[in-house]
Amino acid sequence: MSQSNEYIPPAVWTWDKANGGAFASTNRPIAGPTHDRPLSVGKHPFQLYSMGTPNGVKVTVMFEELLALGHSAAEYDAWLIRIGEGDQFGSGFVEVNPNSKIPALVDHSTPEPTRIFESGAILLYLAEKFGEFLPNEHAARTEVLNWLFWQMGSAPYLGGGFGHFYTYAPIKIEYAIDRFAMEAKRQLDVLDRRLAETRYLAGEDYTIADIAVWPWYGQLALDRIYGSGEFLQVQEYKHLQRWAKEIDVRPAVQRGRMVNRTMGEPETQLHERHDASDFVLKTQDKIG
């Protein structure tokens, strides 16, 4: 590894607005809203404000899985938050999530509207509210939460670490890519070893642990994010591949992937979802 220009941190860090790469227009070192913009509210109990990134996909998959089980009270409106355009800094969004990150959810079925932010918290909230994808037995529940929080703690190294420096950084830094590629592969190995023991992450049942992990690591294994499949040699993780493909064919997962999606083929995108009928006929045929 070579390092041509040694960087020496200054005594006091200052913000360089032009040094943000692909996200320079929205990244900033302070919180709070940048503009007044109330959030839209639809007709359903749940109002989701999100985008079809891996963190957003977790929640839309969860809703579609609940609806597939017959929970009509899980009907939701999914409003598109274009993070590249700074929608997450609108005043209404910041009221729901002061951290200005998608996804954010409001439950209007409670006496006073309940806000829920952070994708893991949303999955846990919905699992408890509907009694699905989270076992009641103490040991089994704890194992699900182990893997749910594993994802919450691990994915920043994959997304903000490897994904950023490999794909989005304005300059390629060998040390940074090597450091986070090593960690990404270690995480893939953690999952592969676990999935050699069990069908799903927490055991033999599909749970919110799988719903949380699959949009990141399942799609990484299927070479759908960062274009890094060959670089990371994802095919070598055979048990992870089996799990990723099994979840990928679930109709609710395929529908959830479409919601708030703005990239890929047009037939894979449903920018906003306000009713089950929003899934066009050709897509329903495609996903069974």
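Just so it is clear, none of the values below were taken in a lab; they were calculated from the coordinates. Quantities reported herein were computed from a predicted structural model and do not represent experimental measurements. Cβ atoms come from the backbone with ideal geometry, glycine included; neighbour counts cover every protein chain shown.
Summary of computed values
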| read-out | value |
| --- | --- |
| Dipole moment magnitude, nearest 20 debye, the range 1-115 about Cα centre, only Lys, Arg, Asp, Glu C-beta charged | 200 debye |
| Kyte-Doolittle mean at least -1.0 and Cα axial length at least 30 Å: DSSP H helices in the chain | 174-195 |
| Net charge, P156 excluded, C-beta distance under 12 Å - Lys, Arg +1, Asp, Glu -1 | 0 |
| Beta bridges per DSSP with both ends in the chain, % antiparallel, nearest 5 | 60 percent |
| The range 22-44 and the range 56-130: distance between their alpha carbon centers, rounded to Å | 15 Å |
| Relative contact order of the range 23-145, pairs being alpha-carbon contacts under 8 Å that are 6 or more residues apart, as % | 29 percent |
| Full-stretch length increase - N136, Y168 - with 0.36 nm per residue and alpha-carbon distance subtracted | 7.4 nm |
| Net charge dipole size for the range 138-248 [Lys, Arg +1 and Asp, Glu -1 on Cβ; Debye, nearest 20] | 120 debye |
| Inter-probe distance in nm under a simple model that places probes 7 Å from Cα toward Cβ, at V280 and E265 | 1.2 nm |
| Sparsely packed trypsin sites (Lys or Arg not before Pro) within the range 180-288, loop by DSSP, other Cβ within 10 Å at most 16 | R199, R224 |
| Mean separation of Cα contacts under 8 Å, 6 or more apart, over the residue count of the range 138-248: relative contact order % | 28 percent |
| 222 nm mean residue ellipticity, helices alone, for the chain (DSSP H n ≥ 4; -39,500 (n - 2.57); rounded to 500) | -11500 deg cm²/dmol |
| Cα convex hull volume per residue for the chain (Å³) | 156 Å³ |
| Dipole magnitude of the chain, debye to nearest 20 (Cβ charges: Lys/Arg +1, Asp/Glu -1, about Cα centre) | 340 debye |
| Length-normalised contact order of the chain in % [C-alpha pairs under 8 Å, at least 6 apart] | 21 percent |
